[in-house]
Structures are given as C-alpha cells and as structure tokens.
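The values are calculated or read from the model by the stated rules, or taken from the named source; none is laboratory data. None of the values given here were measured: they were computed from a predicted structure. Note that each Cβ is placed from the backbone with ideal geometry, even for glycine, and that neighbours are counted across all protein chains shown.
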Amino acid sequence: MNTTLPESPNTNFQLAAPLSTPNLQPAPALNALCSPAPLALALRYVKPTVASRTALPALKCVLLSAQMTNEASSGQFVVTTSNLNATTSAWLAAHVAAPGSIAVPYATLSDLVSRLPQNATLHFEVDSATQVLRVQCDDIMTNIKGLPANDFPHPPAWESGVEIELPGRELKSIVRQVAYAAAADDSRPVLTGVLCEIAANGLAFAAADGFRLSLRAQTATTGILESLRAIVPAQVLHDVEKIVGDDATLALAINATKTHIQFSMPNYRLVASLLEGNFPSVQSLVPNTHATRMVVDTSALGAAVDLALIFAQHAQNLVIVEVTPGESEGAGTLRLAAVSAESGDVRRALPVSVTGAEQKLALNGKFIKEFIESVNTPQIALQFNSAAAPVMFTEVGNPGYTHVLMPMHLSNGK
C-alpha cells in the first residue's frame, strides 16, 4: 500500500502506519481532512468483515476514528469493520484538527467516497450531539446519520503468543492450494476451517470437506519453541489472500490463549476467532501405497475435464476415468467420459505415462477442475488402488502439495 495522494496546500498525504488499536470511545468532536483515494482503498480492505445479515445496526457500519500523532496538524484515520467473528482495520494518513470517532453505515460511506472527485480533499466533522458525520468535498456537502462509537463492538484483547512472518506470495499459494477444499456448509463447523500447524522447522496446512482433502507442507525456520495447531476459518484466509501483495510481508500471530489469529501488514490488520473442535486425522486419509500411478500433462487434463463437465454438470459432476497401460513400458491411455440423460455424452482419450494395473472409477469432475486450477507444475501424478479407494493427486516435482479425492459410486461398473 504505497498510495500517494495529490498535494494539499500544506502537505502531501501518505498512507500511514498504525499507531495503536482504534479508540472506540465516543469523542466530543471529529475534525479532519483526507483524500478520497486512500480512504476508498482502506474501505475496500475492510469490506469483507461487514456483516451482511444481522439485526445489529452497528455491524453494518464502519467505525471511522481520527487520531492525532506527535506532529502538529497531522494524524491518521482508522477504518474498522466487524462481524463479531472477525474484525478488520486499515490506516491512512490524515490532517486531524480534533480527534474523535463515529460509526456510520458502511455502504453509504463507501458509495459516497467512490463518487466524489478523487483529486479533491475531504473534510470530516462530527456533531457529537446528533451523531451526524458531515462530509464536505468542494461544493458538495453531505450529512450521514451515524451511531456512537461505543455502540461498535470492541476488538478482542490481544495477549502476545506465537508470531511468524510469511511472504505474500507464499500465503497466496497456500490459500489457493488448500482453502478451496474446506466445507462450504456449516453442518460440521470444524470442516469450514483450515488446519494450521506451526513447528520449529516448518508449516503445514490442511482442509477437508468429507469428499476431498488438500495438504500443503513446507520447510521453514519459524523460530518457535513449541509446536501448535489452530483451525482458521477458510473465509478469513480467502479475505486476507485478496489483500496481500506478492511482494508484501505478512505477520501471522496466534494469541497466548489460542482463541484468535491475527494477520497484519503496516496499514492493515485482521483479527479473527479460531474454530473450536477436533480436526480429522488427515495423515490417516492419505493412501501410503498404490496399485497404479499415472502422470499426465496438466493443461491437457484440464481441457479434457472442462469438456466432460459440459455433460457431467447435469449428472452430479460424475466423470468416468479409465486408465489403461500401453504395450510399451510406461506408456498408456487415459479415457474420460461423461454421460447425461438430458443432454448426451462426451468421450476423450489422452496419452499418459502409466505404471501398474488398469483402473476404472468415477470422480467428481468439478473437484478435479478445482485441483487443476491450483496447480503450478506442467505435469501432475495420480495414484490409484481400486474403484472404491481414494485417489491421490500430486504435483510432479513438488512433494509438498497433496490432494486426495474420494471416488463416486459407479453403477454396474459402467
């Protein structure tokens, strides 16, 4: 976040680093200036934790806090949203004449800022008697009805625990290869999360929804003395992944009581509740032997699966997979077929490398497609045992990423 704003008569606005946790106590007034561009960016950063379905008005609001710094006529705005399970804050530079806080509807403020002239200066004032935020921009005057800052939920108290640093590119890769396998429904809440294991010599992440399992492990020097396990909501990881840049460095911290996780960068912080419960024993779900191993070109398999899904999407995404060894050693053929009683069928054959016995089974084509979209290598390997046994997918050349997919029922072997 290196946004530089247009010059004002007095200074050049810059995004500011956080000074402290936002002051959530009501203030007698707020009088400050900032520019629309960094405010719009900060509002975008905190949007994921605005509650969409709630009876509490404050959870549909953004807390706008103006804070002073040690320098005259300078300060910062902190914008904060919360859905009770997670709280996000973002910081930007501002000229603060009088500090203060107010909670205003997120949608109203966000829509307003996006429509104001981006090369102008915004002047914010709060009438503490009526809890109205006045926003002036050139000849535009707006009054937004708000709520007292103390109506906004307080962020959880933070007790120092474990903290490590992750490159942004690394975090994005982890989320892309693991979080998609978490459960979408909350019938088993623990499966909506990603298991995070941090040890002195490495990190491991796992997600499962009862039909598939994704595992990502990597060597890293974390500097921690005692290993720990935590279950992070998958949605939180998706939210952070959208914000962090490839070249950024992200601090990941888990508090001393192991109830909350925090992701932070110089101008951004998200604190979320960890999920409670026992995550499945993932290693017991990974096959440690195989009867057949097949290596296939990643893009070729992706194209074949896309073709099969034209018809499979009308038949519970069922794709029939046949692996046949060739006459020469290592050669073979992969055949994919999808049949829909409504729309027809499609069949496709691909040359592959095969060792072991012939296999025929049914897999969820949508799940195969999502795995392929997470792959970074030109080839992938599939390991089979039988029509009823789980199939293991790996990236050729990268032992740190494993995906396990349960087969679907194949009626009468057809």
Q) Of everything in segment 134-147 that's exposed (fewer than 14 other Cβ atoms within 10 Å of the Cβ) and at negative phi, which residue is farthest from the chain's Cα centre (by Cα)? A) Asp139
Q: Scan segment 173-190 residue by residue and report those that are over 14 Å from His403 (Cα atoms) and assigned to a helix (DSSP H, G or I).
A: Ser173, Pro189, Val190
Q) Could you say which residue among Val319, Val305, Val282 is under 26 Å from Phe384 (Cβ atoms) and modelled with pLDDT under 95? A) Val282
Q.
Which residue is surrounded by the fewest Cβ atoms within 10 Å (Cβ to Cβ), if the candidates are limited to segment 232-254 and must be assigned to a strand (DSSP E or B) and out of contact with any Ser or Thr (no Cβ under 9 Å at 6 or more places or on another chain)?
A. Thr249
Q) Which residues, counting only those in segment 97-126, are out of contact with any Leu (no Cβ under 8 Å at 6 or more places or on another chain) and either of a type outside the set (Gly, Ala, Ser) or on the phi > 0 side of the Ramachandran plot (or both)? A) Pro105, Thr108, Asp111, Leu112, Arg115, Pro117, Gln118, Asn119
Q. Just one of Phe393, Phe311 is more than 26 Å from Ser173 (Cα to Cα), at pLDDT 95 or above and among the aromatic types (Phe, Trp, Tyr); which is it?
A. Phe311
Q. Here are some conditions: (1) part of a strand (DSSP E or B); (2) buried (at least 19 other Cβ atoms within 10 Å of the Cβ). Ser264 meets all but one. Which one does it not meet?
A. (2)
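This table checks each residue for (1) in contact with a His (Cβ under 7 Å, 6 or more places away or on another chain); (2) crowded, with 18+ Cβ neighbours inside 10 Å; (3) free of Cβ contacts under 8 Å to residues at least 40 places away in the same chain; (4) not assigned by TED's automatic domain parsing to the domain that holds Leu43.
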site: Trp91; (1), (2), (3), (4): no, yes, no, no
site: Val96; (1), (2), (3), (4): no, yes, no, no
site: Gly100; (1), (2), (3), (4): no, yes, no, no
site: Arg115; (1), (2), (3), (4): no, no, yes, no
site: Ala120; (1), (2), (3), (4): no, no, no, no
site: Val132; (1), (2), (3), (4): no, no, yes, no
Q. How many residues are hydrophobic (A, V, I, L, M, F, W, C) and over 22 Å from the mean Cα position of the chain (by Cα) when one looks only at segment 273-292?
A. 3
Q. Would a scan of segment 99-122 turn up a residue that is assigned to a strand (DSSP E or B), of a type in the set (A, V, I, L, M, F, W, C) and either at pLDDT below 95 or under 25 Å from the mean Cα position of the chain (by Cα) (or both)?
A. no
Q.
Among the numbered criteria (1) buried (at least 17 other Cβ atoms within 10 Å of the Cβ); (2) assigned to a helix (DSSP H, G or I); (3) touching a residue at least 60 places away in the same chain (Cβ under 8 Å), which one does Glu125 miss?
A. (2)
Q: Filter segment 181-210 down to the residues that are out of contact with any strand residue (DSSP E or B) (no Cβ under 7 Å at 6 or more places or on another chain) and in contact (Cβ under 8 Å) with a residue 12 or more places away in the chain, then identify the one that is surrounded by the most Cβ atoms within 10 Å (Cβ to Cβ).
A: Ala208
Q | Subset of segment 313-351 that is under 14 Å from Thr292 (Cβ atoms) and among the small types (Gly, Ala, Ser) - its residue that is surrounded by the fewest Cβ atoms within 10 Å (Cβ to Cβ) | A | Gly330
